[in-house]
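First up is the structure itself, then whatever we jot down about it.
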Amino acid sequence: ATKGDLSTKIRVGIVGLPNVGKSSLFNALARRSQAQAENFPFCTIEPNVAQIAIPDPYLEDLSKLANSSKSIPATMEFVDVAGLVAGASKGQGLGNKFLANIRECEAIIHVVRNYEDRRVVHVAGAVDPVTDAEVVNNELHQADIAHIERRLEKYNCKGTERDALDLILPKLKEGIPARSCGLSPAAVFSIKSLGLLTLKPVLYTFNVSRSTFLFERTEALENAKAMVRNIRYSDTSLDLCALVSAKMEARMS
């Protein structure tokens, strides 16, 4: 806190295929039924946004110490966007809308369906967590490749920015995300305005059934970690993994 008002906000995008539990997870995080969660693809069209304060036991004391006129806690803004399908980087489904919303975020929660339920439609006809995650990752990679190639055609792309993009582009074509390219802080800053999708930190969130979450959580989490190691276009040294039963959490919130 400082004299005057202080606000810090982190924007996190919730991504994944249609019908994997993104909106249910969003509702659980928002602690209210804000996003439509229905059993058909693209039930989310316009992004849902929820701002959630981050608890900080030191904020009040720091505010008094700094003699602040007002204390505003840091917040996380969660954005539930339209489901992604193969070809989204070329405009399929709601791809263009999806990508534009995610570029504005600082981090990504990648929701992966890991439960069987014939009543819940799967966009590809069958649940395969690794393949499903790879569809999303591939679209993010292809979108970044096209974005970088367009930027490199501009005469004002030079210096540190051009050097960074020249380094990232061939790596992306090899399936390596931008966040894995070992960029310096100066290089990251120089390309910040591009909002590269594969530069953002990723948390793979495996959405499991209620019974699995309650009674088989440890084993399911180990299985999820093993699957992350097999997902193309990811980085197991950087990307994180979590387990959730989004429907159960949404009902409890």
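The values are calculated or read from the model by the stated rules, or taken from the named source; none is laboratory data. Being a predicted model, the structure only gives us computed values, none of them experimental. Quick note on the areas: whole protein, heavy atoms, side chains included, nothing else; ligands and nucleic acids left out. Shrake-Rupley method; radii C 1.70, N 1.55, O 1.52, S 1.80 Å.
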How much of the accessible area of the range 114-224, in percent, comes from carbon and sulfur atoms when a 1.4 Å probe is used?
53 percent
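So between E153 and R119, what do we pick up on full extension, going 0.36 nm a residue minus the alpha carbon distance? Present the calculation step by step, with values, prior to reporting the outcome.
Details: separation 34, 0.36 × 34 = 12.24 nm, distance 4.80 nm.
Gain on stretching E153 to R119: 7.4 nm.
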Using the Kirkwood radius over C-alpha pairs as Rh, can you work out the diffusion coefficient of the range 150-253 via Stokes-Einstein at 25 °C, viscosity 0.890 mPa s, in µm² per second?
153 µm²/s
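Kindly point out which whole DSSP H helices in the chain project their C-alpha atoms 30 angstrom or further along the helix axis while averaging a Kyte-Doolittle hydropathy of -1.0 or above. If you can, show how the numbers build up before the last one.
On the way: long enough: 129-152 (35 Å, -0.46).
Going by DSSP H runs, the hits are 129-152.
Keeping every protein chain present and rolling a 1.4 Å probe, give me the accessible area per residue for the chain in Å². Can you show the working numbers first?
Values: 13380 Å² over 253 residues.
On a per-residue basis, 53 Å².
Note the direction-averaged projected area, equal to a quarter of the hull surface, for the Cα convex hull of the chain, in nm².
Values: hull surface 62.2 nm².
Convex hull of Cα atoms, orientation-averaged projection: 15.5 nm².
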Let me have the relative contact order for the range 96-253, percent, based on Cα pairs under 8 Å that are six or more residues apart.
31 percent
Could you state the orientation-averaged shadow area of the convex hull built on the Cα atoms of the range 194-253, in nm² to one decimal?
5.2 nm²
If you build a Gaussian network model of the chain, linking Cα atoms that sit under 10 Å apart, which residue out of Y58, Y233, Y115 swings the most?
Y58
For the range 106-187, just say rounded, prolate or oblate: build the C-alpha gyration tensor, square-root its eigenvalues into a ≥ b ≥ c, call rounded for a/c under 1.5, and beyond that prolate if a/b exceeds b/c, oblate if not.
prolate
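By DSSP, what percent of the beta bridges with both residues in the chain are antiparallel, rounded to the nearest 5? Before the final figure, lay out the partial values.
Values: 6 of 27 bridges.
Within the chain, antiparallel bridges account for around 20 percent of the total.
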Gaussian network model of the chain, springs between alpha carbon atoms under 10 Å - residue of A224, A187, A107 with greatest fluctuation
A187
